[in-house]
1. Based on the Kirkwood radius over alpha-carbon pairs, what value in µm²/s does the Stokes-Einstein equation return for the translational diffusion coefficient of segment 33-163 at 10 °C and 1.306 mPa s?
2. FRET efficiency for R60 and R92, Cβ-Cβ distance as r, R0 = 35 Å, nearest 0.05?
3. Packing-wise, with mean Cβ within 10 Å as the measure, how do 135-148, 101-114, 42-55 rank, highest first?
Amino acid sequence: MGRTIRIVMLAALAAAPLLAASPAEAQRRERNPVFRNLTVDINRKGELDVDFREFGLARREAVEIHLRAEVRAVYRCATRAGVVTGGQGDRRILRENVAERISLRADREGRITGSIALEAPDPAVFCGRDRFPVLVRVTYDDVTLRDATNGVMVRLEGRYSERIGNRFNPFTVFDRRDDNGRHGDRFRIQ
């Protein structure tokens with residue numbers, strides 16, 4: 001009986017390399033793509049900027065990243081002097097689903113650092129003579145960032161909203177260049 005056990009053990013040891021995973025399979029099992037270090041910001045043009053890092057990818061892997069959201073953009077009519085008019089007919093609210101995608105390549109360690117942005121929808125011409133549409137508020141809901149190549153998705157919780165104007169006077173639009181607490185310059189349409 002001792003001889004039979006030895007033969008079975010030797011056969012198992014001989015077959016073990018054949019049953020073991022290849023290096024590519026081992027790397028595939030170890031991969032666990034995940035998004036980290038997400039930052040979300042709305043710039044002064046009303047675009048939603050998402051900066052991210054993705055870890056756990058294969059070396060030099062090409063990845064397609066998708067960003068989508070529901071956007072609500074409020075436009076008002078402004079004069080050349082930058083004064084927003086206050087009538088109800090001078091306001092347009094647009095609701096749309098917007099999406100953007102980019103292709104990136106991972107580095108040697110299987111990491112990607114990237115940035116992707118969504119734009120607020122453009123309004124149709126609705127203002128009267130000598131007035132122009134101006135974005136005064138934008139809100140992004142149900143924001144999702146997805147790695148379409150590996151099937152990894154993250155939903156960015158909450159609502160991202162920005163009022164593009166002066167909080168003391170909603171009918172005057174200010175340029176957001178001054179972030180130090182002082183009022184910005186009046187909005188001028190070129």
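1. Working: Rh = 16.2 Å.
D, rounded to a whole number, is 98 µm²/s.
2. Details: r = 46 Å, r/R0 = 1.32.
After rounding to 0.05, the efficiency reads 0.15.
3. 135-148, 42-55, 101-114
FYI, it's all coordinate maths here, none of it is from the lab. This is a predicted model, so every value here is computed, not measured. Here Cβ is always computed from backbone atoms with ideal geometry, including for glycine, and neighbour counts include all displayed protein chains.
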